[in-house]
Amino acid sequence: MGKPDAEGHGPTDGLPGLPPEWGRVVVPDDASALAAEAAQIRRELRRADGLPRSHRALGLPLLVLLVAVLTTLTGLVAVTWPRASRSDRPTPAPYSPPATLAGRALPALDLVNAGQAPVPLRGLLPAMIILLDGCPCPDRVADALTAAPAGVSVVTVSGGRTAPTPPTNRPQVRALADPAGGLRSFLGQPARPGVATALLVDRAGTVTLVLPDLGPVDTYRGELSALGA
C-alpha cells in the first residue's frame, strides 16, 4: 500500500511523477484490461468532432490527459509483465546426470599414487572408478569391492595430491589422487558433499555406466559383472 507524500496527498502506489489528484493508480497484469478505457477514448474523440468549436476546445485537454494516462499504464504493464513471466519459470534441477557420457571413451589421464608416481588410468581397465572427493563412503566402497569380479579393478580417486589409503590389500584395488581434476572435469559435474560418484569402464576404454550417486550394489551389479566377461 502506498503512503501519502510529504504534502499530504494521497498514495501513488510507488509511481513517481503522477499528479496527486489522480488518486490511486492500479496497474493491471494484462494490457488487455485497458481495452475498455481505449474504447472510451475513441468514443470521446468521435464525439468531440461533432461539438461546436468552443466545446471542442474545452474537451481537448481532458482527452489529452486520458491519452497520457492510458499510455503511461500501458508502458508500465510492458515493463512489469516480463518480470512476472520469468518468475514462473521452473528452476533446473542441479547436478543432472551426464546422460551422454555412456558410450564415450575414457580420456588418457595420468593420476598419482601415494608416492606421487604417475599411474595411467587406462592401464587399469576394465575398472570401476569411484570418485571420493565428495564422500569417502567406506560402506559403498566395501560393497563395490565385494561385488567386483576377478580381473576388474576397483579404483578409488580423491581430489588434491594425496591418494587415500587403500581400503584393502587386494591387488585389484588401487587408491589414486587426481591433482589436476581431469576425471571430475570429464564427468562434467561438481563434487557433492556426502555423495560418491562412480564410472564403469570396459577393457576397450568405453564408459558403460555412470553412477552420479553411488547407491546400493544391486543397482549396478549386473553391469559390473559384465566388465569381467
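A short reminder: the numbers here are calculations on the coordinates, not readings from a lab. None of the values given here were measured: they were computed from a predicted structure. Neighbour counts are summed over all protein chains in view; Cβ atoms, including those assigned to glycine, are modelled from backbone coordinates with ideal geometry.
Take peptides 196-205, 180-189 and line them up by average Cβ neighbours within 10 Å, highest first, as a rough protection proxy.
Details: 196-205: 20.6, 180-189: 15.4.
Descending packing order for the listed peptides: 196-205, 180-189.
Which distance in nm do the two modelled labels at ALA180 and ALA229 give, with both placed 7 Å along the Cα-to-Cβ direction?
The modelled label-to-label distance comes out at 3.4 nm.
Report, to one decimal in Å, the Kirkwood hydrodynamic radius for the stretch 123-211 based on all distinct Cα pairs.
By the Kirkwood definition, the hydrodynamic radius is 13.0 Å.
Along the Cα-to-C-beta direction of ARG104, a point sits 7 Å from the Cα; which residues of the stretch 209-229 have their amide N less than 19 Å from that point?
Of the residues in the stretch 209-229, 209-214 have backbone N under 19 Å from the label point off ARG104.
Say each of ASP218 and ALA204 gets a label point 7 Å from the Cα, pointing the same way as Cα to Cβ; how far apart are those two points in nm?
If labels sit at ASP218 and ALA204, their model points lie 3.2 nm apart.
How large is the dipole of the stretch 171-223 about the Cα centre if only Lys and Arg carry +1 and Asp and Glu carry -1, each at its Cβ, rounded to the nearest 20 debye? All intermediate terms of the calculation are to be shown ahead of the outcome.
On the way: 5 positive and 5 negative charges, 26 e Å.
Taking the Cα centre of the stretch 171-223 as origin, the dipole is about 120 debye.
Round to the nearest 0.05 the FRET efficiency obtained for THR146 and GLN116 when R0 = 30 Å and r is the Cβ-Cβ distance.
0.50
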